[in-house]
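A.B. asks: My structure is below; once you've seen it, I'll send some questions.
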Amino acid sequence: TLGALGALVSAGVYRKLNFGLLKEACYRTASLTGMIVWILIGAYCFTAVYTGTGAHELMEKLLLSIPGGRYAILITMQLVFFILGCFLDPAGIIMICTPVFVPVIKSLGFDALWFGVLFIMNMEMGYLTPPFGFNLFYMKAIAPPGITMNHIYESILPFVGLQALGLIIVIVFPEIALWLPHRMTR
């Protein structure tokens, strides 16, 4: 809401605010909101069918059968997030993975908030990874004409590496992600 108010004030200050612009903004907002509602309806239907068929129990058994203990299972989930992040947006990944991964995380005794932080960190890497990383296309849009997508793909490697290192650090030291929330809830 604050962002919308700021955009209206900015358009007014620059004398670009008119009824046509306001109508277009309302149309796009309604369109985006409708799309989000359909995504949520799809997620609800997927979860209902997924749970109703007992698939969550099968997936839980499959994940829990991964050798190497609970951290091997956690790392497998993080790799799945990373791979999906290369091709899907976070909303789609949430719809697919939440009904599968959250029960497993709870049964392994991991903190759900910490797992959520790991998910967010993974999605940030997904925004930078080819072939469909959103930020790659934003960078291309503002890059000088001589910069190709291959240049951009090569340039993100150190950033993805640093984000992966940060993810590993938060996996090894969960207190980094949980210290503040635990302080706030005491």
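A.B. asks: So if I take the centroid of the Cα atoms in segment 59-124 and the same for segment 136-186, what is the distance between those two points in Å?
C.D. replies: Taking the Cα centre of segment 136-186 as reference, the centre of segment 59-124 is 18 Å away.
A.B. asks: Next up: Once you compute Rg and the Kirkwood Rh from C-alpha atoms, what is the Rg to Rh ratio for the chain? The partial results should precede the final answer.
C.D. replies: On the way: Rg = 20.6 Å, Rh = 19.7 Å.
The Rg/Rh ratio comes out at 1.05.
A.B. asks: In the chain, if the dipole is taken from +1 on Lys/Arg beta carbons and -1 on Asp/Glu beta carbons about the Cα centre, which of T98, Y27, G42 is farthest to the positive end?
C.D. replies: Looking along the dipole axis, the top candidate is Y27.
A.B. asks: Residue-wise, which Karplus ³J(HN,Hα) couplings in Hz belong to segment 109-124, taking 6.51 cos²θ - 1.76 cosθ + 1.60, θ = phi - 60°, and x for glycine or proline?
C.D. replies: x, 7, 6, 5, 5, 4, 4, x, 5, 4, 4, 4, 4, 5, 5, 5
A.B. asks: In addition: Among S155, L17, V117, whose Cα lies farthest out toward the positive end of the dipole of the chain, if unit charges sit on the beta carbon of Lys, Arg (+1) and Asp, Glu (-1)?
C.D. replies: L17
A.B. asks: Multiply the residue gap between Y138 and V37 by 0.36 nm, knock off their C-alpha separation, and tell me the result in nm, one decimal place. If you can, show how the numbers build up before the last one.
C.D. replies: Values: separation 101, 0.36 × 101 = 36.36 nm, distance 2.59 nm.
The span from Y138 to V37 would gain 33.8 nm if fully extended.
A.B. asks: Do the sum for the chain: with -39,500 (n - 2.57) for every DSSP H run of n ≥ 4, divided by all residues, what is the mean residue ellipticity at 222 nm, to the nearest 500 deg cm²/dmol?
C.D. replies: Details: 10 runs with 148 residues, N = 186.
Rounded to the nearest 500, the figure is -26000 deg cm²/dmol.
A.B. asks: Compute the acute angle (0 to 90°) between the alpha-carbon long axis of helix 175-184 and the principal axis of greatest extent of the alpha-carbon atoms of the chain; round to the nearest 10°.
C.D. replies: The answer is roughly 70 degrees.
A.B. asks: Now for a different question. FRET efficiency for L165 and A55, Cβ-Cβ distance as r, R0 = 30 Å, nearest 0.05?
C.D. replies: Values: r = 35 Å, r/R0 = 1.15.
The value I calculate is 0.30.
A.B. asks: Could you give the dipole magnitude of segment 43-143 about its Cα centre, charging the beta-carbon of Lys and Arg +1 and that of Asp and Glu -1, in debye to the nearest 20?
C.D. replies: Numbers: 4 positive and 5 negative charges, 19 e Å.
It works out to roughly 100 debye.
A.B. asks: Remind me, relative contact order of the chain in percent, using alpha carbon pairs under 8 angstrom and six or more residues apart? Intermediate values should be presented prior to the final figure.
C.D. replies: Working: 107 pairs, mean separation 31.0, N = 186.
For the chain, the relative contact order is 17 percent.
A.B. asks: Another question about this same structure. What does the accessible area per residue of segment 1-64 come to in Å², with a 1.4 Å probe and no ligands, DNA or RNA counted? Before the final figure, lay out each step's value.
C.D. replies: On the way: 5340 Å² over 64 residues.
Computed with neighbouring chains in place, this is 83 Å² per residue.
A.B. asks: Sticking with this structure for a sec: Return one number: the angle in degrees, 0 to 90 and rounded to the nearest 10, between the long axis of the Cα atoms of helix 70-85 and the longest principal axis of the Cα atoms of the chain.
C.D. replies: 30 degrees
A.B. asks: For helix 55-64, what angle does its Cα long axis make with the longest principal axis of the chain, in degrees from 0 to 90 and rounded to 10?
C.D. replies: 70 degrees
A.B. asks: If you roll a 1.4 angstrom probe over the protein chains with everything in place, what fraction of the accessible area of segment 28-162 belongs to carbon and sulfur, to the nearest %?
C.D. replies: On the way: 6040 of 7980 Å².
Of all accessible area on segment 28-162, carbon and sulfur atoms account for 76 percent.
A.B. asks: When only Cα pairs under 8 Å and 6 or more residues apart are kept, what is the percent relative contact order across segment 34-104? Walk me through the numbers on the way to the answer.
C.D. replies: Working: 27 pairs, mean separation 30.8, N = 71.
So the answer I get is 43 percent.
The values are calculated or read from the model by the stated rules, or taken from the named source; none is laboratory data. On a predicted model such as this, the values are computed, not experimentally measured, just so you know. Backbone-built Cβ (ideal geometry, glycine too); neighbour counts: all protein chains shown. Just so you know, the surface numbers come from the protein's heavy atoms only, side chains and all, with ligands and any DNA or RNA stripped out. Shrake-Rupley method; radii C 1.70, N 1.55, O 1.52, S 1.80 Å.
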